[in-house]
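Visitor: What follows is a structure written as structure tokens; I'll ask about it next.
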Amino acid sequence: MPRRALPGAEMAAGAHEALDRFLDHCTSARGLSPHTVRGYSADLSRYLEWADRQSVDPLRPTHRELRRYLAELDQAGYSRRTVARRLASLRAFLRHLLETGVTTSDPSSVILTPRVSRSLPSVVRPDDLRALLDAPDPATPVGSRDRAVLELLYATGMRVSELSSLDPGSLDLGSGTLTVLGKGGRERVLPVHPLAVKRIRAYLGDARPALLRPGRSERLFLSSRGNDFTPDAVRRMLKQRLAEAGLPSDITPHTLRHTYATHLLEGGADLRSVQELLGHVALSTTQIYTHVSTRRLQDVHRRAHPRG
């Protein structure tokens, strides 16, 4: 006769099933990116491990138990940013449990998020940007692809996950636009700079047909073996091109997104337009770039003004 599972084991099993349903909901119903879903999974798996060790019901914690969980993270030396992210993941999970009738209350709603100082996004200097964009050799299929990818990241400010999911049908090179499917399944149309259009045309002309393999990926950008050019592969490519150009290795695809937004604002674009182009839901997310532009204006003022 099989041994009956202990109440603690039953509780843990039920919690993991609830977590799986939540992650499925994030993917299918909310359309969140794989990167976001993996982040939720990692954060919440650690929470479930903590709850199991502390004999806490992970689906129905009290606000005191949640405070204890956050206090232990703080005592373990985690940064405020990490603690705030873990709390945000937990809030999303507990809110889902409440909305689906698994629980009748959300104790995380009365817990304040730790204050996190927002660091200003870094921006690539113009000379460094030109060196990076011109680093790949356009005479090779991979070099032509990389030129198009890097130019497109800077020309549109799109997320690397959005770029990797592009299909050839996403492009309208005649009008110089492309259609992007962003977070939450929200679609937006982006203008593409003529230089980026030129490099994409060059890639589509000879390079992409050379990379294409029957029965493999149909995405716009392909790996050297004809598979999807994934976000991780784009990041690895960028590191390689940075090394070739003799540039710092801490520049990321998101740094190019920051650079795009900052350059738009410095060129006179209004904040609402930049918000729409970046695909931000909240204007407050875009406002961080105004601090970058303001800081640069202050630097110019100090250097140029007689009383600076």
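Visitor: In the list Gly8, Gly14, which residue meets the criterion of being farther than 18 Å from Arg91 by Cα, at pLDDT 85 or above and assigned to a helix (DSSP H, G or I)? I'd like the intermediate steps shown before the answer.
Guide: Numbers: Gly8 fails: at pLDDT 85 or above.
Result of the check over Gly8, Gly14: Gly14.
Visitor: Turning to a different aspect of this structure: Being surrounded by fewer than 18 Cβ atoms within 10 Å (Cβ to Cβ) and not hydrophobic (A, V, I, L, M, F, W, C) is the filter here, so list the residues in segment 141-169 that pass it. Walk me through how you get there before you give the answer.
Guide: Narrowing segment 141-169 to residues surrounded by fewer than 18 Cβ atoms within 10 Å (Cβ to Cβ): 142-143, 167-169.
Passing the criteria: Gly143, Asp167, Pro168, Gly169.
Visitor: Moving on to the next point. Of (1) out of contact with any strand residue (DSSP E or B) (no Cβ under 8 Å at 6 or more places or on another chain); (2) at pLDDT below 95, Glu162 satisfies all except one. Which?
Guide: Tallying (1) out of contact with any strand residue (DSSP E or B) (no Cβ under 8 Å at 6 or more places or on another chain); (2) at pLDDT below 95, Glu162 fails exactly one: (1).
Visitor: I need the full set of residues from segment 27-47 which are touching a residue at least 60 places away in the same chain (Cβ under 8 Å) and within 12 Å of the chain's Cα centre (by Cα), in order please. Before you say what the answer is, go through the steps one by one.
Guide: Of segment 27-47, the ones touching a residue at least 60 places away in the same chain (Cβ under 8 Å) are 30-36.
Result: Leu32, Ser33, Pro34, His35, Thr36.
Results for (1) in contact with a helix residue (DSSP H, G or I) (Cβ under 6 Å, 6 or more places away or on another chain); (2) outside any helix (DSSP H, G or I); (3) within 30 Å of Pro194 (Cβ to Cβ), shown as yes or no for each residue.
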position: Arg64; (1), (2), (3): no, no, no
position: Ala84; (1), (2), (3): no, no, no
position: Ala92; (1), (2), (3): no, no, no
position: Pro114; (1), (2), (3): yes, yes, no
position: Val124; (1), (2), (3): yes, yes, yes
position: Arg130; (1), (2), (3): no, no, yes
position: Leu150; (1), (2), (3): yes, no, yes
position: Leu163; (1), (2), (3): no, no, yes
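Visitor: Please work out which one of (1) surrounded by 19 or more Cβ atoms within 10 Å (Cβ to Cβ); (2) of a type in the set (A, V, I, L, M); (3) closer than 15 Å to Arg46 by Cβ is the condition Ala84 fails and give its number.
Guide: It is condition (1) that Ala84 fails.
Visitor: So, in segment 170-192, of the ones that are among the small types (Gly, Ala, Ser) and more than 20 Å from Pro34 (Cβ to Cβ), which residue ends up surrounded by the fewest Cβ atoms within 10 Å (Cβ to Cβ)? Lay out the reasoning, then the answer.
Guide: Initial filter on segment 170-192 (among the small types (Gly, Ala, Ser)): 170, 174-176, 182, 184-185.
If we keep only those that are more than 20 Å from Pro34 (Cβ to Cβ) too, we end up with 174-176.
Details: Gly174: 7, Ser175: 11, Gly176: 15.
Filtering segment 170-192 for residues that are among the small types (Gly, Ala, Ser) and more than 20 Å from Pro34 (Cβ to Cβ), the one surrounded by the fewest Cβ atoms within 10 Å (Cβ to Cβ) comes out as Gly174.
Visitor: I'm told Gly184 meets every condition in (1) in contact (Cβ under 8 Å) with a residue 60 or more places away in the chain; (2) more than 17 Å from His254 (Cα to Cα); (3) assigned to a loop (DSSP other than H, G, I, E, B) except one. Can you identify the failing condition by its number?
Guide: (3)
The values are calculated or read from the model by the stated rules, or taken from the named source; none is laboratory data. Bear in mind the structure is a predicted one, so any value in this text is a computation, not a measurement. Counting neighbours? That spans all protein chains shown, and the Cβs are built from the backbone with ideal geometry, glycine included.
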